[in-house]
Every structure is written in C-alpha cells, then in structure tokens.
Amino acid sequence: MGQAERVSMLVRDVLADSVLGVFLHGSSVFGGLHPTSDLDVLAVVRRATTSAERCELIQRLLPISGRGDPTGKSRSIELTIVVQGAVRPWRYPPQLDFEYGDWWRDEFSRGNFTPWVSPNPDLALLVKMALQANRPLFGPPPAEILDPIPPADIRRAMLDGIPALLSHLDGDERNVVLTFVRIWTTLATGVIRSKDAAADWALPLLPPDERPVLAHARAIYLGEVPEEWGDLLPRVRPFVDHVIGEIEHLGASSPPSAHS
C-alpha cells in the first residue's frame, strides 16, 4: 500500500462515516513526484472535526510524514480537510477545517493543534486542483461532491494568498519561490503547471540577473543539488518581489484564455 492510500485510510479511521471523499492533487498528479515533492491530499467531510479528532490526526501523521519517519522513506504529507457545506454551494473566501503540513511541526509540539488561518484563500486553488486531477483515493469523483471554482475566484485567491506565502519564505525558500512562479504562470496562461514546468516557463521571461535564484530552486526541487542557498540567499527576496510585481500586474488585467 502506498503512502497516499495510508493517509486516506488514516483519515477514514479517525473520522469514520463523516468522510465523503479523499483526493490526490499537487505534484503527484501534475507532472509527477520529484525527490522533494510533498504528498498532497484533500479530504471532504460532512461535519467539522472535533478537537480530539484533530489531535489524533496530527499525532498519527507526525511519525509518517517527512523527517518524522525514522526510516527516512516517507514524503512530507500535506493534508487539508474541508467541510462540504463550507464550499458547496461555493462561496469565497472558503473555510478551512483542518490542515497538516510539516511546516507546522513546531506549533504542534507546543500544543497548538489549530495553527492554520480560516478563511483560507489557498483552499480555492486546492479544490481547483483536486477537481482538475480527478484522482479519488476514496469516494466518488470530486466533481460529484465539490462545486467548480469560478476563474475570478482563482485569481482572487492567488492575490489574497501572497501575505501568507511570504510569511513562510524564511526557511522554505525553495517551495515559496516555486509557488510564486506557479502563480505567475497560472495567471498569465490559465494553465496550472507542476512547479518545475512553471519554472521552465518563467526562466526565459526573467531578467538574466534574476534567473539564478529560480534555476537553483528548480534544481533543488528536482533533487539535482542539495537544499542549500549559500551566496544566493540574499537574492531570494528581491527575486520574489520581482515575481510579485508580475503577479500584481496580471491580477489587475483581464483574465487570460487557457493556453500553453
């Protein structure tokens, strides 16, 4: 049994018949998993999780996610849970019920089992990706239990999510750099790409002095170089600021037609 299936079974074990569906999204369905890719899972449930259920989910995910696994064989898990009634009928901004990610480990260790923020703009993108991927681990196809996300709300979510994404830049440079570039390419083309494919799209469009940061983030993501930044670290924030400028310019313009 693969790691994704184990996560699905864990969610169903803890939340029982509240679970309507569990879906893959992210790198595992958009361009394939790479050495540093997270395993992205979205669960849709009938009711809000209780404090005891959230605690149990976290305690059982910690030892099987990323560096928590002593065997070193597990990917980092990103599990998002949403109550169906909070997103169907769809409205913006969407309400988040539960989020597990290894970036929350310090908060969890301090006993904070609800460190996430809700409403959460990023949830609009996760639902969009789950619908587009159409990869159920449990339950029916996602379109049977989730509403489509209007393009205008995808654009709003990308712009509204900038402050939260920036807050993770220090210490998560590779992921944040690539996520901003994926936002840029999605706004410009209407296509959701894998992170490395988004980098391939963006590199020729960047000024030459901005390219090394993105090229290095891409190489880390693909496992070609260690996750070290060295002399490039001071250039990360200026690079991100440049991409944010591109994003904000596109966000103020009319929506694009989907094209490559």
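The values are calculated or read from the model by the stated rules, or taken from the named source; none is laboratory data. Predicted model only: the values in this text are computed from it and were never measured. Backbone-built Cβ (ideal geometry, glycine too); neighbour counts: all protein chains shown.
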Pick from region 189-221, criterion outside any helix (DSSP H, G or I) and at pLDDT 90 or above, ranking: farthest from residue 124 (Cα to Cα): 207
Members of region 87-128 that are over 18 Å from the mean Cα position of the chain (by Cα), more than 21 Å from residue 144 (Cα to Cα) and surrounded by fewer than 14 Cβ atoms within 10 Å (Cβ to Cβ): 106, 109, 110, 111, 112
Filter result for residue 159 (in contact (Cβ under 8 Å) with a residue 24 or more places away in the chain and over 13 Å from the mean Cα position of the chain (by Cα)): yes
For region 222-240, enumerate the residues that are closer than 13 Å to residue 175 by Cβ and modelled with pLDDT of 95 or more. 229, 236, 240
Give the residue, chosen from 136, 148, 163, that is part of a loop (DSSP other than H, G, I, E, B) and at negative phi. 148
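Every residue, every condition in (1) in a loop (DSSP other than H, G, I, E, B); (2) modelled with pLDDT of 95 or more; (3) in contact with a strand residue (DSSP E or B) (Cβ under 8 Å, 6 or more places away or on another chain), yes or no:
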| site | (1), (2), (3) |
| --- | --- |
| 74 | yes, no, no |
| 80 | no, yes, yes |
| 85 | no, yes, no |
| 95 | yes, yes, yes |
| 106 | no, no, no |
| 140 | yes, yes, yes |
